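*Asks:* Sharing a structure below in structure tokens format, with a few things to ask.
Every number here is computed from the coordinates shown, using simple stated rules; none is lab data. This is a predicted model, so every value here is computed, not measured. Every residue, glycine as well, gets a Cβ built from its backbone with ideal geometry; the counts of neighbours run over all protein chains shown.
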């Protein structure tokens, strides 16, 4: 066995965290991370109907949900490394096509397949990879890895308009596609599903070498009892979905309409982009903060704090028309916590089911989570096309957040999966 330093943030373990960060980033870039700025600009350049493209993106999310089931099954059979590497390489090719296709219909088809692959390398694979390497340090590790979600708004959404004017749409997407392919190749050649497979210790904490080797062998052969049917009958699975995953949907509903909402209040695009940028930068701290709270006080307590905080921020959203300061506070609060709730969702799943059975429960939870997140675009469309508008939308999100908080409080987080 290789020497363990006791520090999760060094050597190969740090490398796995960076891979997790990149997978979160790449997933967000082709899903919700492009709806505020990138998709509208592409539609404007090519003369496409933006509303129809957004309908296609909504459909892509539902297809991604089904893909999570398929890729989750493959992860159980072949491992997270196999699925994430293959999906990243193919996704790179399809992302490059964003810079080429001139047909709106072909672009939508490309986006649907690309989104399905994104759910494969992120939702179905990334949490399993991180959970396998960091079963005890999951809170703080996920705090760093989920920074990839908000990093998209700091980089991609901000730089895309300038890159569009300097190098053009073709060069942008050919370059991004190449990066995806390179990451996929790196995963295929340098990553293992579990640290034991390459003679390392989970969390980089030294244990009895013979025991670790035996655990590695058992992990490779383990057959989880959590079938799809058993997951559907397990109360804690549904509590995770409607407690934690529904809060993700609430956040996506808000964030995906942040720029249009700012402009509807009379602010210009420059201010709206600055709002998105500063909020996302604060989100880096938010991801780390909730990971720290998770590691220090436990996932459930951290989640209750997050739920209360989100409800307060959503109430402030109703008051946005009354001042710029409120716009800033509410936006920073919700966007700043976005990485945190993804962190806590994965963490509570590992907390309850352990790294042995998490592979199976993540497949089921990821499937329903994808449906919920994809529904955020439909929810926004419903409210934006009625007299209820943003007031109705934010009121509805407050109700959902309260329901989620109640479910979180009532969830028993005792581990029921197989223990190490």
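*Asks:* Work out, step by step, the length gained on full extension between residue 186 and residue 106: first 0.36 nm times the residue separation, then minus their alpha carbon distance; give nm to one decimal.
*Replies:* So the chain would gain 25.8 nm between residue 186 and residue 106.
*Asks:* Calculate the length of the line joining the C-alpha centroid of the range 376-400 to that of the range 32-77, in whole Å.
*Replies:* 20 Å
*Asks:* Connecting C-alpha atoms closer than 10 Å in a GNM of the chain, tell me which of 329, 167, 19 has the biggest fluctuation.
*Replies:* The residue that fluctuates most here is 167.
*Asks:* Here's something else I'd like to know. What angle do you read, to the nearest 10 degrees and between 0 and 90, between the alpha-carbon axis of helix 324-336 and the longest principal axis of the chain?
*Replies:* Taking the Cα atoms of the chain, the angle to 324-336 is about 30 degrees.
*Asks:* Right, here's the next one. Regarding the range 336-420, what are the three Cα extents along the principal axes, ordered largest first, in Å?
*Replies:* 54, 23, 22
*Asks:* Spin-label point model (7 Å from Cα, Cβ direction): what's the residue 10 to residue 93 distance in nm?
*Replies:* My value for the distance between the label points is 4.2 nm.
*Asks:* Given only helices, namely DSSP H runs of n ≥ 4 each adding -39500 (n - 2.57), what is the per-residue ellipticity at 222 nm of the chain, to the nearest 500 deg cm²/dmol?
*Replies:* -25500 deg cm²/dmol
*Asks:* Please find, in a Gaussian network model of the chain (springs between Cα atoms separated by less than 10 Å), the residue of 168, 92, 336 whose mean-square fluctuation is greatest.
*Replies:* 168
*Asks:* Right, something else. Kindly state, to the nearest 0.05, the FRET efficiency for residue 155 paired with residue 399, given R0 = 30 Å and r defined as their beta-carbon distance.
*Replies:* Efficiency for this residue pair is about 0.35.
*Asks:* In nm, to one decimal, how far is the modelled label at residue 162 from the one at residue 326, with both set 7 Å along Cα→Cβ?
*Replies:* Taking the two extended label points, one gets 3.3 nm.
*Asks:* Distance in nm between label sites at residue 59 and residue 46, each 7 Å beyond Cα in the beta-carbon direction?
*Replies:* 1.4 nm
*Asks:* Figure the gain on full extension for residue 406 and residue 381 (residue separation times 0.36 nm, minus the Cα-Cα span) and round it to one decimal in nm.
*Replies:* Result for the pair: 6.3 nm of gain on full extension.
*Asks:* Looking at the range 11-410 from every direction and averaging, what is the projected area of its Cα convex hull in nm²?
*Replies:* 18.3 nm²
*Asks:* Between helix 50-78 and the chain, what is the angle of the helix's C-alpha long axis to the longest principal axis, kept within 0 to 90° and rounded to the nearest 10?
*Replies:* Approximately 0 degrees, to the nearest 10.
*Asks:* Say R0 is 30 Å: what FRET efficiency, to the nearest 0.05, do residue 301 and residue 418 get from their beta-carbon distance?
*Replies:* Once the sixth-power term is evaluated, E becomes 0.75.
*Asks:* Same structure again: Quick one: angle between helix 269-297 and the longest Cα principal axis of the chain, in degrees between 0 and 90, rounded to 10, please.
*Replies:* Relative to the chain, helix 269-297 is tipped by roughly 20 degrees.
*Asks:* If R0 is 30 Å, what FRET efficiency do you get for residue 308 and residue 235 from their C-beta distance, rounded to 0.05?
*Replies:* Rounded to the nearest 0.05, the efficiency is 0.80.
*Asks:* Same structure, new question: When the chain is fully extended, how far beyond the present Cα-Cα distance does residue 66 get from residue 214, taking 0.36 nm per residue of separation?
*Replies:* Length gained between residue 66 and residue 214: 49.8 nm.
*Asks:* I want to verify a result. In a Gaussian network model of the chain, Cα cutoff 10 Å, which of these has the top mean-square fluctuation: 291, 56, 165?
*Replies:* Of 291, 56, 165, the most mobile in the Gaussian network model is 165.
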